[in-house]
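J.: One structure follows; several queries about it will come next.
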Amino acid sequence: MRRGNPTSRENRVLILGLGNPIRGDDGVGNRAALILKEELKDIPVDVEETNATGFNLLEILSGYDMAILIDGVEMGGKPGEIYEIKPEEKGFFYLHLVHIGDVIKMGREMGLKMPEVKIIGVEIKEKGFSEKLSPEVEASVPKVVEIVKKKLGLIP
């Protein structure tokens, strides 16, 4: 993860897989990020994974023009269902009780350059201790990778 002076970052786009890879489906963001890191290695974007949450994301996000966050969510849908969520949508995307919109707002109030944020959520099923994703969530990973590539303008 590049940290420090945001002006020293070579890439202005961050793809960030969120979650805990040893908590079952909570690791879906990490899994997608690992695939994207390999598939986009020749593209000028940063692809990272983290289990950081809430205000701990300030340092990671600051300085980028755009960030695409990928995370497991519980929104009442079918496991593996993919959502595109706007950060300002209250009640949808909370990073351990802190809303991502509040994180971005606080960063801006602190004078940090905060990115335009796009969120891809995947409905999870299992969150026990396991390094494996449930079959439904595993099947969604290639679709998530495709959505990210479309958002980057790499495929139609």
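Computed from the coordinates by the stated procedures, all read-outs in this text should not be read as laboratory data. Since the model is a prediction, treat every value here as computed from it, not as a measurement. Positions of Cβ are generated from backbone atoms using ideal geometry, with glycine treated the same way; all protein chains shown enter the neighbour counts.
J.: Listing Y83, Y64 from the residue with the fewest other Cβ atoms within 10 Å to the one with the most, what is the order?
T.: In increasing order of surrounding Cβ atoms, one gets Y83, Y64.
J.: Ok, one more. In whole Hz, what ³J(HN,Hα) sequence does segment 56-66 give by Karplus (6.51, -1.76, 1.60; θ = phi - 60°), x for Gly and Pro?
T.: In residue order, the calculated couplings are 5, 7, 3, 5, 5, 7, 5, x, 8, 7, 9 Hz.
J.: Once R0 is set to 35 Å, what does the formula 1/(1 + (r/R0)^6) return for the Cβ-Cβ distance between N20 and R108, expressed as a FRET efficiency to the nearest 0.05?
T.: Calculated transfer efficiency: 0.80.
J.: For E49, list long-range residues whose amide hydrogen, built 1.01 Å from N in the peptide plane, is under 5 Å from its own amide hydrogen.
T.: Correct list: G17.
J.: OK, next. Given the Cα-Cα distance of K151 and S130 and 0.36 nm per residue of separation, how much length would full extension add, in nm?
T.: Between K151 and S130, full extension yields an extra 4.5 nm.
J.: Please work out which option in (i) 0.98; (ii) 1.33; (iii) 1.78 gives Cα Rg over 2.2 N^0.38 Å calculated from these coordinates, and answer with its label.
T.: Structure-derived value, by its label: (i).
J.: Oh, and also: Between R12 and E138, what is the label-to-label distance in nm when each label sits 7 Å out along the Cα-to-Cβ direction?
T.: 4.0
J.: Residues with amide H under 5 Å of L69's amide H, sequence separation 5 or more or different chain, H placed in the peptide plane at 1.01 Å from N; which?
T.: L16, K118, I119, I120
J.: Let me ask something else about it. How charged is the neighbourhood of V144? Take every other residue with its Cβ under 14 Å from the Cβ of V144, and add Lys/Arg as +1 and Asp/Glu as -1.
T.: Taking every other residue near V144 into account, the sum is -3.
J.: If you stretched the chain out fully between E84 and N56, how much longer would it get, using 0.36 nm times the residue separation minus the C-alpha to C-alpha distance?
T.: That pair, E84 and N56, stretches by 7.8 nm at full extension.
J.: Sticking with this structure for a sec: With a sphere of radius 11 Å drawn around the Cβ of K78, what net charge do the other residues whose Cβ falls strictly inside it have (Lys, Arg +1; Asp, Glu -1)?
T.: Neighbour charge sum, excluding K78 itself: -2.
J.: Further question on the same structure: Using helices alone, I'd like the mean residue ellipticity at 222 nm for the chain: each DSSP H run of four-plus residues gives -39500 (n - 2.57), total over residue count, nearest 500.
T.: For the chain, the value works out to -8500 deg cm²/dmol.
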